[in-house]
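S.K.: My structure is below; once you've seen it, I'll send some questions.
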Amino acid sequence: MTSTMSPAPRRPDDIRSTAPLLRNRPYQAVSWSQTCTDFAEQFLIVAITWAAVHTFGGDRLGLVLAAWAVPRGLLLLFGGVLADRKDRRAVGVAVGMLLCLLNLSASVVTGRDELWAWLALAVCLGVLDAVRLPLGSSLLPLIVGRERLVEANRWVSLREWGAMTGGPALGGALVALLGTGSTLITAAVMYALSSILLAQLPSLRPDEEQPREPVLVELSQGLAIVLRHRQLRTLLLAFALANLFILGLVGVGIPLFAKEVLKAGPQGLGVLAAAFGAGLVLGTLLCHRLPDRWQRSQQMIFALFMLSDCLLAVVGLAPNLLLAAAAYGASGLVAGPPATYYRALLQTLPPAEYLGRVTSIARATSFGLEPASTAGVGALSARLSARTLFVVGGCAAAVVDLIGLTLSRHRNREN
């Protein structure tokens, strides 16, 4: 039994692929810069959501998160155009310093009950997110050779999951020990450090200025590919609808559940978020132990997501923090493999020349629905308990996954 569970020996070429990254100074600068950004973002999210819940309640928290998400969803694709046409180093440094200033401003705004100031702050954060997200994804191919990209992305994934797992818990502890204002100042320092590290890179301006079609024309071409491709159409539409129920629960439901049901304080909020992140990490690590056929099975992707959403509904039934964290962590554990398979399908189904646009449409669809989801859950929180929100929202998302599973079966039978 022990021998079957022991990891396979590491190949020599894996060792060789790691060593150059350690000597690649631009890669190290970007890696540590984005580590600072990832943890600062988690501190910011915990501080903002906890302060908004205490200042306004769940309905206004939904408005604040919607004001954050709307410009991010609307401008995300245009942020990608900016990253492609400008010096990525200069844009990254500027965005980091602006985020530093916004976090310093947030340390003042969160101490007041003026909703307009909260909304203005959230809109500015959303605009900068629309630039930061595509910029971060586009840096790696410029500083790492093609033969090193797989190993580099492996470390990127570990960093992101590590921030998702440890960042919320650490952010919750900082809020409890130092207060919201000091936590936001800490995040501001980390954003500034991120910019300083990124400034160590050489210029990353595009080498050649090639004529491009208008952005809207290129986006319409990508949308046409999605609508004509039956498998892509099923995946993107189903997950967009499921996100409509899920995103609001994560953004609004979890803080409300921690405060009103569990009476757990900011530490409890951090524990819940960290439990889900830890589940995602473990689930992603276990992908290679699952049957290979699952990686290409659209039906299995929907089935696993359906189970994850059912476990999310179970969170609403948990009587204490321990059981709620266990259910939330199990939901993340089950969601890890299908999330990986889903990304792989999005990279292999469309023609190569449309890959970027299809991926952008998928991300924009998710971010674009977040404002409606968070605002809707925030409004419903005035009429329904946090427990009811989780049970109903999780079950509704599971029904959407079941519909996607059924459509996938019909497609396989027709083929």
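S.K.: Against the conditions (1) crowded, with 22+ Cβ neighbours inside 10 Å; (2) modelled with pLDDT of 80 or more, where does GLY58 fall short? Just the number, please.
M.R.: Only one criterion is unmet by GLY58, namely (2).
S.K.: So, of the residues in region 251-296 that are outside any helix (DSSP H, G or I) and of a type in the set (A, V, I, L, M, F, W, C), which turns out to be nearest to GLY172 (Cα to Cα)? Talk me through it step by step, then tell me what you get.
M.R.: Residues of region 251-296 that are outside any helix (DSSP H, G or I), as a first pass: 262-264, 286, 290-291.
Filter once more, keeping what is of a type in the set (A, V, I, L, M, F, W, C): 262, 264, 286, 290.
Numbers: LEU262: 15, ALA264: 11, LEU286: 28, LEU290: 34 Å.
Step by step, filter region 251-296, then rank; the result is ALA264.
S.K.: Sticking with this one: Can you name the residue in region 359-399 that is at pLDDT below 85, among the β-branched types (Val, Ile, Thr) and crowded, with 21+ Cβ neighbours inside 10 Å and is also farthest from ALA238 (Cα to Cα) among such residues?
M.R.: THR374
S.K.: Kindly establish whether GLN200 is surrounded by fewer than 19 Cβ atoms within 10 Å (Cβ to Cβ) and at pLDDT 85 or above. Don't jump to the end; show me each part of the working.
M.R.: Details: surrounded by fewer than 19 Cβ atoms within 10 Å (Cβ to Cβ): yes; at pLDDT 85 or above: yes.
So GLN200 fits the description; yes.
S.K.: Quick one: is ALA303 within 23 Å of the chain's Cα centre (by Cα) and crowded, with 24+ Cβ neighbours inside 10 Å?
M.R.: Details: within 23 Å of the chain's Cα centre (by Cα): yes; crowded, with 24+ Cβ neighbours inside 10 Å: no.
Here the answer is no, as ALA303 does not meet what is asked.
S.K.: Taking ALA318 as the residue in question, decide whether it is under 30 Å from LEU178 (Cα atoms), modelled with pLDDT of 90 or more and out of contact with any Asp or Glu (no Cβ under 7 Å at 6 or more places or on another chain). Write out each step before concluding.
M.R.: Working: under 30 Å from LEU178 (Cα atoms): yes; modelled with pLDDT of 90 or more: yes; out of contact with any Asp or Glu (no Cβ under 7 Å at 6 or more places or on another chain): yes.
For ALA318, the condition - under 30 Å from LEU178 (Cα atoms), modelled with pLDDT of 90 or more and out of contact with any Asp or Glu (no Cβ under 7 Å at 6 or more places or on another chain) - is met.
S.K.: Right, next: Hey, among LEU280, LEU333, which residue is farther than 21 Å from HIS410 by Cβ, at pLDDT below 90 and either crowded, with 24+ Cβ neighbours inside 10 Å or not β-branched (Val, Ile, Thr) (or both)? Before you say what the answer is, go through the steps one by one.
M.R.: Numbers: LEU333 fails: at pLDDT below 90.
Exactly one residue qualifies, and that residue is LEU280.
S.K.: Does ALA188 fit the bill of being crowded, with 21+ Cβ neighbours inside 10 Å and modelled with pLDDT under 90? Outline the logic, then answer.
M.R.: Details: crowded, with 21+ Cβ neighbours inside 10 Å: yes; modelled with pLDDT under 90: no.
No: the conditions fail for ALA188.
S.K.: For region 123-168, give me the residue count where each residue is touching a Phe, Trp or Tyr at 6+ places or on another chain (Cβ under 7 Å), under 22 Å from GLY336 (Cα atoms) and at pLDDT 75 or above.
M.R.: 2
S.K.: Would you mind stating whether ALA258 is buried (at least 24 other Cβ atoms within 10 Å of the Cβ), touching a Ser or Thr at 6+ places or on another chain (Cβ under 9 Å) and within 26 Å of ALA163 (Cα to Cα)? Walk me through how you get there before you give the answer.
M.R.: Working: buried (at least 24 other Cβ atoms within 10 Å of the Cβ): yes; touching a Ser or Thr at 6+ places or on another chain (Cβ under 9 Å): no; within 26 Å of ALA163 (Cα to Cα): yes.
No: the conditions fail for ALA258.
S.K.: Please count how many residues of region 253-272 are aliphatic (A, V, I, L, M) and farther than 21 Å from LEU380 by Cβ.
M.R.: Step one: filter region 253-272 for residues aliphatic (A, V, I, L, M), giving 254, 256, 258, 261-262, 264, 269, 271-272.
If we keep only those that are farther than 21 Å from LEU380 by Cβ too, we end up with 264, 271.
Looking only at that region, the number is 2.
The values are calculated or read from the model by the stated rules, or taken from the named source; none is laboratory data. Just so we're clear, the structure is a prediction, and the values are computed from it rather than from any experiment. Cβ atoms come from the backbone with ideal geometry, glycine included; neighbour counts cover every protein chain shown.
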